[in-house]
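Let me begin by presenting the structure, written as structure tokens, before commenting on it.
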Amino acid sequence: MNARVVVADDQSVVREGIVMLLGLLPGIEVVGSAKDGEEAVALVAELAPDVVLMDLRMPRCDGVEATRRIRKDHPGTQVVVLTTFADDDSLFPALRAGARGYLTKDAGGDEIVRAVQAVLSGEAGLSPSVQRRLLERVTTSPLPPVPPPEPELPDGLTPRELEVLVLIAEGLSNTEIARQLHISQATVKSHINNLFAKAGVRDRAQAVRYAYVRGLAQPPGSVFT
């Protein structure tokens, strides 16, 4: 019986290429594709696939958050990360979120099939390079502690979007926010667009009021009531 797979990747050319490749592989049936984490979560709820091949860095809802939500609400669906990145800041959050497999995008078709079959059998589907990285980390230093669960934020805001919102409420410009958070101005604009959409606000003034009303930020020199 074929494994039913959903592909999530924000780059349309990459996503379509993965779907085309999977269509040629034995034992895999692609039942849907998503351009971000929000779409991936919705497709899992609709289609109940066996596996999601999940990119990590996507707009609206990144792969780590999407993995966490899928594993919490749809435990019958496994997640295999398929990403360009194999650094610690990408690898360990994804595994903590519940991903059972982790491949880099240079993986061949056979490697993807093995990873899908492995996670469906209850095993880990890790690429050799990721296995080496885990082994190096274990042998050189203890694994980082699992952080306590983050408090749930309103309207699906991510912690980074909250940081940006608080800095907007403090009156910082996009340039100042980028400098303080050590990210690009383009990334700041992306976070602002995402949080505006989630909060249902049209401009910075409405965003500031949203932050005050929900207790996410305090007006300077006073307590908002």
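The values are calculated or read from the model by the stated rules, or taken from the named source; none is laboratory data. All values derive from a computational prediction rather than experimental measurement. All Cβ positions, glycine included, derive from the backbone under ideal geometry; neighbour counts span all protein chains shown. Areas reflect the complete protein model, heavy atoms only, side chains present, ligands, DNA and RNA absent. Shrake-Rupley method; radii C 1.70, N 1.55, O 1.52, S 1.80 Å.
Pairs of lysine residues in the chain that meet both criteria, 8 or more places apart or on different chains and Cα atoms under 25 Å apart, total 6. Expressed as an acute angle from 0 to 90° and rounded to the nearest 10, what is the orientation of the C-alpha long axis of helix 88-97 relative to the principal long axis of the chain? That works out to roughly 80 degrees.
Compared with the alpha-carbon gap, the fully stretched path from residue 87 to residue 179 is longer by 30.8 nm at 0.36 nm per residue. When all protein chains stay in place and ligands, DNA and RNA are ignored, the 1.4 Å accessible-area order of 20, 54, largest first, is 20, 54.
Computing Rg and Dmax of the Cα atoms in Å directly from the structure and comparing it against [x] 19.4, 64; [y] 16.4, 52; [z] 18.7, 58 singles out [x]. Annotation: for a label point projected 7 angstrom from Cα along Cα→Cβ of residue 45, no residues of region 180-200 have a backbone N closer than 13 Å.
Under 5 Å between amide hydrogens, built in the peptide plane, is the criterion, and for residue 78 it picks out 51, 52 among residues at least 5 positions away or on other chains. Extending 7 Å from the Cα toward the beta-carbon at both residue 31 and residue 2 defines two label points whose distance is 1.1 nm. Leaving out ligands, DNA and RNA, and with a 1.4 Å probe, what % of the accessible surface on region 48-99 is carbon or sulfur? Exposed carbon and sulfur together represent 49 percent of the surface.
Solvent-accessible area of residue 181, all protein chains in place: 20 Å² (probe radius 1.4 Å, heavy atoms, ligands and nucleic acids excluded).
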